[in-house]
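The values are calculated or read from the model by the stated rules, or taken from the named source; none is laboratory data. Since this is a predicted model, take the numbers as computed values, not measurements. Cβ sites come from the backbone with ideal geometry, for glycine too, and all protein chains shown count toward neighbours. Side chains are part of the model used for accessible areas, which takes the heavy atoms of the whole protein and leaves out ligands, DNA and RNA. Shrake-Rupley method; radii C 1.70, N 1.55, O 1.52, S 1.80 Å.
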There are 2 protein chains.
Amino acid sequence: MTTSMPAFQDFYAEELAQCYGCGRLNQDGLHIRSRWEGDETICEFQPRSYHTAIPGFVYGGLIASLIDCHSTGTAAGAALRHRGGQPGEAPMPRFVTGSLHVEFLRPTPLGPRLEIRGKVKEIKGRKVVVTSTLSADGVVCARGEVVAVEIPEGFGAPAG
Amino acid sequence: MTTSMPAFQDFYAEELAQCYGCGRLNQDGLHIRSRWEGDETICEFQPRSYHTAIPGFVYGGLIASLIDCHSTGTAAGAALRHRGGQPGEAPMPRFVTGSLHVEFLRPTPLGPRLEIRGKVKEIKGRKVVVTSTLSADGVVCARGEVVAVEIPEGFGAPAG
């Protein structure tokens with residue numbers, strides 16, 4: 001199972017791992033997980049039957065969520081790699097979304113496991129721009145572009 | 001309670017009312033509801049405690065979902081009004097999302113009821129462009145722009 005491989009989100013600091021989309025500590029969340037595959041990043045996700053839009057197709061808000069969290073995860077992985085670090089060996093940076101753009105190219109069939117692939121377009125200071133595709137059965141159904149912004153170190157940490 | 005007022009989504013055809021975001025027939029869904037308020041449209045939504053991003057703030061994917069479904073609902077209401085119809089008196093058109101853009105201006109506090117306001121920027125053939133703001137406690141936290149596309153009549157209806 002490729003999905004048991006370590007993901008960027010496994011290394012988020014505990015106080016920053018509650019995200020509904022990708023937080024490993026959010027019991028009600030989607031548990032989106034992303035990892036390197038060469039110079040790209042990959043995320044696999046199995047929508048639930050209730051994640052429907054028009055019957056038979058995947059809800060666009062879920063697609064936006066997958067692109068969003070996969071992109072902030074990619075930004076974290078890319079920033080760490082840019083600094084010469086590896087997940088698990090150095091503190092994982094944490095990014096939030098500055099802007100999110102999704103083009104829905106065709107309806108995404110509800111049933112197959114979805115694959116989201118990310119590429120780093122630009123790293124500039126605290127910003128990382130990530131482009132991505134979302135595919136079902138090998139067909140690209142949506143494209144995304146996210147501007148991710150690193151949060152300051154210590155943000156979200158318990159006070160005192 | 002203003003939220004008991006009829007919403008565009010109340011009038012979607014039964015076979016098109018399963019959307020996870022705004023379908024009244026999706027038992028697991030968010031039940032996003034939108035209505036006219038003058039020349040704007042409005043949606044109010046109370047996030048659940050688990051709809052978190054960084055602790056204390058609302059998950060961006062939920063914000064994207066709210067903007068998405070409120071905009072397709074607004075497009076439906078606007079198209080109907082453009083044709084001289086009223087919700088409940090004529091079949092409600094149904095729009096899907098062609099593209100979705102969200103600017104996250106500041107973290108959205110998790111706790112207050114959110115208010116999404118939509119404006120119709122353009123109606124052109126089967127496309128309606130909707131801009132929107134998402135506010136918490138009167139402060140705009142995100143802006144959206146959605147290109148909504150009307151689905152053909154009969155799409156999603158039972159075959160035969």
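Residue B:49 label points, 7 Å along Cα→Cβ, one per copy: pairwise distances from this copy to the rest in nm, shortest first?
For residue B:49, the inter-copy label distances come out at 2.9 nm.
In the range A:87-132, which GluC sites (Glu not before Pro) fall in coil by DSSP and have 16 or fewer other Cβ atoms within 10 Å?
Taking the range A:87-132 and a limit of 16 other Cβ atoms within 10 Å, the loop GluC sites (Glu not before Pro) found are A:89.
Report the accessible surface area buried between chains A and B, summing both sides, using a 1.4 Å probe on protein heavy atoms only, in Å² rounded to the nearest 100.
2700
In percent, what relative contact order does the range A:1-65 have, based on Cα pairs under 8 Å that are 6 or more apart in sequence?
20 percent.
Taking every eigenvalue of the Cα gyration tensor of the range B:97-160, multiplying by 5 and rooting it, what semi-axes result, largest first, whole Å?
Over the Cα atoms of the range B:97-160, the ellipsoid semi-axes are 30, 15, 9 Å.
If you average over every viewing direction, what projected area does the convex hull of the Cα atoms of chain A give, in nm²?
9.7
How much space per residue, in cubic angstrom, does the convex hull of the C-alpha atoms of the protein assembly as shown take up?
143
In nm to one decimal, list the spacings between the residue B:14 label point and its equivalents in the other copies, with label points set 7 Å along Cα to Cβ, shortest first.
5.2
So if I place +1 on the C-beta of Lys and Arg and -1 on the C-beta of Asp and Glu, and nothing else carries charge, what would the dipole magnitude of the protein assembly as shown be about its Cα centre? I want it in debye, nearest 20.
The dipole of the protein assembly as shown has a size of about 420 debye.
How big is the dipole moment of the range B:83-160 about its Cα centre under a simple scheme where the beta carbon of each Lys and Arg is +1, that of each Asp and Glu is -1, and everything else is neutral? Debye, nearest 20, please.
Using only the charged Cβ atoms, the result is roughly 160 debye.
What is the mean number of Cβ atoms from other protein chains located within 10 Å of the Cβ atom of each residue in peptide A:42-53, rounded to a whole number?
Mean shielding count: 3.
Which distances, shortest first and in nm, link residue B:125 to the matching position in the other copies, using label points set 7 Å out along Cα to C-beta?
Those separations, rounded to one decimal, come out as 4.1 nm.
Can you find, among B:90, B:111, B:77, the residue sitting farthest towards the positive end of the charge dipole of the range B:1-115, where Lys and Arg contribute +1 and Asp and Glu -1 at Cβ?
B:111
How far, in degrees from 0 to 90, does helix A:60-82 lean away from the longest principal axis of the Cα atoms of chain A, to the nearest 10?
30
Looking at B:49, B:59, B:5, which one has the Cα that reaches farthest to the positive end of the dipole of the range B:1-71 (charges on Cβ: Lys, Arg +1; Asp, Glu -1)?
Checked the options; the winner is B:49.
In peptide A:21-32, how many Cβ atoms from other protein chains are near each Cβ within 10 Å, on average?
Counting other chains' Cβ atoms within 10 Å and averaging over A:21-32 gives 3.
Taking the Cα centre of chain A as origin, work out the dipole magnitude from +1 charges on Lys and Arg Cβ and -1 charges on Asp and Glu Cβ, in debye rounded to 20.
Result for chain A is approximately 240 debye, rounded to the nearest 20.
State the extension gain, in nm to one decimal, for the chain segment bounded by residue A:50 and residue A:113, taking 0.36 nm per residue of separation less the distance between their alpha-carbons.
21.2 nm
Any chance you could check the Cα centroid distance between the range B:116-156 and the range A:98-160 for me, in angstrom?
Going from one Cα centre to the other spans 21 Å.
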